[in-house]
Protein chains: 2
Amino acid sequence: MNDTRNRLVNVTAVLFQRQGLAATGIKQILSDSNAQFSSLYHHFPGGKEQLAAEVIRASGIRYQELVEAVWDSAPDVLTGITQVFEGAAETLEATDFAVACPIATVALEVATTNEELRVVTAEVFSSWISSGTDRLVAAGIDLTRARSLTLILVALLEGAFILCQAAKSTESMIAAGSAAVAIVSDALESSVADP
Amino acid sequence: MNDTRNRLVNVTAVLFQRQGLAATGIKQILSDSNAQFSSLYHHFPGGKEQLAAEVIRASGIRYQELVEAVWDSAPDVLTGITQVFEGAAETLEATDFAVACPIATVALEVATTNEELRVVTAEVFSSWISSGTDRLVAAGIDLTRARSLTLILVALLEGAFILCQAAKSTESMIAAGSAAVAIVSDALESSVADP
DNA sequence: GTCTATACTTTGATAGAC
DNA sequence: GTCTATCAAAGTATAGAC
């Protein structure tokens, strides 16, 4: 799977994560991918927008799988959530705060400027939220509350990414992780008390 | 204060909020401001980057004042926090999810691409965090905990903005507001119990 | 599917008259 | 301080040979 098409997607994913959509030029994508104009427009007749849609989807799936792997390898829910936030903080620090959410920058850019791509980012977030909700339901939390909690968890993670990248500090991610654990912990206790 | 220089800053602030930095061209700024190239480079010899720095600072101050006004007009801390998140949700809905955080898109764009502007965004967030921390301290929470709580509040707000704009739904902002109130409420109770 | 070359637009920025 | 005109570079996209 290291053909030209995949190289284009993977290279663009990295550039989108660091620079966003508008700042990433096709010429830079081609240069970094060792590819030609003809290859890009052969594989993506829709040009930059079609490539972007595929990159957003691929990045979303990859990040979801990463988080699920961390979460599911933990012995319990609270440990899983702790490790997701700790892992995010470690990655930020290890990459000099370059690697955070793979789609947040693009999501904000397209939210009011490109309806097709906005929908793609919404689908990615929706998939993440379903994944988290499933896990909280499996831990004994009722569906409505599990969904609401997952929205909070994702918001904490995304918001902390912004603050951490701007400040070049993991302080916010640490605080967000503590809050995430506290909130889910409360929900678990009231689930046990009122099943 | 409706001279050319101020028009440039105000117009650019709106464009940055909706499109981000890279997607906003100087020609669009000039067109929307009814200004000329010569005016822009007269007032901002440093070009787009200098204008961007001033716009980020101005947007940061304006938004901080808005939030402080909402917070301080409430009878107590928890009501204030509730109304900040409710106000954000109302603004999102009233503007078809176009008006969210004024600097988040730019902050993510510049975080790894423009060190000078990254520092400016960091200063804005730092000022917001100080403002929130002051208010929680005034409510009786000790400084360390107040700062940590404020980081969580800002992360919740910023993360919810992303999710709401992508989904075109205020669901995440509602959930984030509930979480914010719950977390600060807990802190207030333990402050009273253990002063 | 890939190569070279190119078309056309928009970008940020500057020059020089007034 | 403002006007018109213009620059060099980078932007996306396409054509046509192989």
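Laboratory data are not the source of any read-out in this text; all were calculated from the coordinates shown. Note that the coordinates shown come from a computational prediction; the quantities given were computed from them, not determined experimentally. Here the Cβ is made from the backbone with ideal geometry for all residues, glycine too, and neighbour counts use every protein chain on show.
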_Nearest-ten-degree value, helix A:77-94 long axis tilted from longest Cα axis of chain A_ = 40
*What do you get when you divide the Cα radius of gyration of the range B:58-171 by 2.2 N^0.38 Å, with N the number of residues?*
1.08
*Mind checking which of A:ALA104, A:ALA180, A:ALA22 has the largest fluctuation in a GNM of chain A, springs on alpha carbons under 10 Å?*
A:ALA22
*Would you kindly work out, in nm and rounded to one decimal, the distances from the label point of B:LYS48 to those of the same position in each other copy, ordered shortest first, with label points 7 Å along Cα-to-Cβ?*
1.2
*Equivalent-ellipsoid semi-axes (√(5λ), Cα gyration tensor) for the range A:104-184, whole Å, largest first?*
23, 20, 7
*Separation of the B:LYS48 and A:LYS168 label points, Cα + 7 Å toward Cβ, nm*: 2.3
*If one computes the Cα centroid of the range B:66-90 and of the range A:108-145, what distance in Å separates the two points?*
27
*Charge-dipole axis of the range A:101-172 as Lys and Arg at +1 and Asp and Glu at -1 on Cβ define it, positive-most pick from A:ALA104, A:VAL124, A:ALA166*: A:ALA166
*asked:* Below 8 Å, C-alpha to C-alpha, sequence gap of six or more: please give me the relative contact order for chain A in percent.
replied: 23
*Counting other beta carbons within 10 Å of each Cβ, put A:LYS48, B:LYS27 in order, fewest first.*
B:LYS27, A:LYS48
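Mind checking B:13-22 for the average number of partner chain beta-carbons within 10 Å of each residue's beta-carbon?
Details: counts 0, 0, 0, 0, 2, 5, 7, 12, 4, 9.
Going residue by residue through B:13-22 and averaging, the value is 4.
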*Show which lysines lie in cross-link reach of B:LYS48 when reach means a straight Cα distance below 21 angstrom and same-chain residues fewer than eight apart are skipped.*
B:LYS27
*asked:* For the pair A:ASP186/A:ASP32, report the inter-label distance in nm, with labels modelled 7 Å from Cα in the Cβ direction.
replied: 4.1
*Any chance you could get the radius of gyration and Dmax over the Cα atoms of the protein assembly as shown, in Å?*
21.2, 69
*Along its principal axes, what span do the Cα atoms of the range B:19-59 show, with the longest given first and each in whole Å?*
22, 19, 15
*In whole angstrom, and with the biggest value first, how far do the Cα coordinates of chain B range along each principal axis?*
63, 33, 32
*In 5 Å bins starting at 0, how do the alpha-carbon pair distances of the range B:15-121 split up by percent?*
2, 11, 17, 19, 18, 14, 9, 6, 3, 1
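What's the exposure ranking of B:ILE61, B:ILE129, going from fewest to most Cβ atoms within 10 Å?
On the way: B:ILE61 13, B:ILE129 20.
Ordered by Cβ neighbours within 10 Å, fewest first: B:ILE61, B:ILE129.
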*As a check on your grasp of the helix formula, calculate [θ] at 222 nm for chain A: sum -39500 (n - 2.57) over DSSP H runs of n ≥ 4, divide by the residue count, round to the nearest 500.*
-26500 deg cm²/dmol
*asked:* I want the local charge near A:LEU78. Using Cβ-Cβ distances under 13 Å, sum +1 for each Lys or Arg and -1 for each Asp or Glu among the other residues.
replied: -3
*How far is A:GLU115 from itself in the other copies, in nm, if each label sits 7 Å out from Cα along the Cα-Cβ line, shortest first?*
4.3
*GNM, chain A, Cα, under 10 Å: largest mean-square fluctuation among A:ALA88, A:ALA111, A:ALA13?*
A:ALA111
